[in-house]
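Below is one structure, written out as structure tokens; the observations come after it.
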Amino acid sequence: MKDKRTPEDIRSQEELKADCHIPQHIAIIMDGNGRWAKDKGQPRVRGHHAGVESVRDAVEACAELGVGFLTLYAFSTENWGRPKEEVGALMSLLIHSLRRELKTLNQNNIRLMTIGNREDLPEKVRGELEQTIELTRQNTRMTLVLALSYSGRWDMTQAVRAISEEVLSGKLTVGDISADTISDHLATKGIPDPDLMIRTSGEMRISNFLLWQLAYSELYITDCFWPDFRRPHLYDAIRSYSRRERRFGKVSEQLKPV
Ligand code: FPP
């Protein structure tokens, strides 16, 4: 497999590993594909195609750094409302990307997972996903989580339904319900909350992403459009994250060792 790192990338990577806290879980809102294409006078779909190269770069870069989980917001519940041609193009792109990347995922020891309402997805996409998930199940270096037909509100709604069923069947009492009960019924069960959430294209929104899970995540927003996002942008985000003091509601003095 070809190493796409420049000598500068390799230097940055070594410096980050030595000096920075590497987030255990990075979540990314990949935004700006349409505007990237429009700026070039090209159809929106070209932006999505170009975005696949950024996905590849981010996945490899995170694995190289020792990130445990990378969650990518690839298709939201609301994206079903886009023009039919664009939705179709995104679904085809997903099928082709999964087929093409299976080998690389295995070579890099990366496991694939999805969160979201898989039943909404076309049969062909579901089949391809199920196959890729099964064929990468044993991989241990990093988990790539694709959020597909996902939204934070969908996730919370399905969790409330599942918890209610358990209360109705007597498996749980209302008093048993804690924050952990809720986390354990979300699609991200077993996945630690993101430490760092990156959004490209400069928009200052969460856009119905991991609403519960982002409670204490550090946010990093860059003006860069997703198709232009490469290793150096990711390294900048991690450097910024590493300089932050995460207080989780406490005061600074409580965090320092005495
Ligand atoms: C947001 O840009 C991007 C998406 C809705 C789709 C993201 C999909 C990819 C990067 C390609 C396929 C992904 C995988 C995992 C293989 P936008 O269209 O909202 O851009 P705009 O805000 O400029 O219109």
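Net charge in the neighbourhood of Ala89 (other residues with Cβ under 11 Å of its Cβ; Lys, Arg +1, Asp, Glu -1) is +2.
What FRET efficiency do you get for Lys2 and Lys40 if R0 is 22 Å and r is their Cβ-Cβ distance, rounded to the nearest 0.05? Provide the component values of the computation, followed by the final result.
Details: r = 26 Å, r/R0 = 1.18.
Efficiency for this residue pair is about 0.25.
Starting from the Cα gyration tensor of the range 81-158, take the square roots of the eigenvalues, sort them a ≥ b ≥ c, and report rounded, prolate or oblate (rounded when a/c is under 1.5, otherwise prolate if a/b is larger than b/c, else oblate). If you can, show how the numbers build up before the last one.
Values: a/c = 2.33, a/b = 1.37, b/c = 1.69.
Oblate, since a/c reaches 1.5 and b/c is not below a/b.
Think of it as helices only: each DSSP H run of n ≥ 4 in the chain is worth -39500 (n - 2.57), and spread over all residues that comes to -15000 deg cm²/dmol at 222 nm.
Under the rule a/c < 1.5 gives rounded, and otherwise a/b versus b/c splits prolate from oblate, where does the range 107-258 land using the Cα gyration tensor? Judged from the Cα gyration tensor, the range 107-258 comes out oblate (a/c at least 1.5, b/c at or above a/b). Cα extents for the range 1-84 along the principal axes, largest to smallest and rounded to whole angstrom: 46, 27, 23.
What the chain shows is 53 Å² of accessible area per residue, with the surface traced by a 1.4 Å probe over protein heavy atoms. For the range 175-258, chymotrypsin sites (Phe, Trp or Tyr not before Pro) are listed when DSSP marks them as loop and at most 13 other Cβ atoms sit within 10 Å of their Cβ; the list is Tyr216, Phe248. Surface composition of the chain: carbon plus sulfur atoms hold 51% of the accessible area, using a 1.4 angstrom probe and ignoring ligands, DNA and RNA.
Between Ala18 and Asp236, what is the label-to-label distance in nm when each label sits 7 Å out along the Cα-to-Cβ direction? Modelled inter-label distance: 2.3 nm. For the range 164-243, the spread of Cα positions along the three principal axes, ordered from largest to smallest, is 52, 23, 18 Å. Cα-based values for the chain, radius of gyration first and Dmax second, are 19.0, 60 Å.
The values are calculated or read from the model by the stated rules, or taken from the named source; none is laboratory data. Here the structure is a predicted model, which is why all the values come from computation and not from measurement. For neighbour counting, all protein chains shown are included, and Cβ atoms are generated from backbone atoms with ideal geometry for every residue, glycine included. Just the protein is used for accessible areas: all its heavy atoms, side chains included, with ligands, DNA and RNA removed. Shrake-Rupley method; radii C 1.70, N 1.55, O 1.52, S 1.80 Å.
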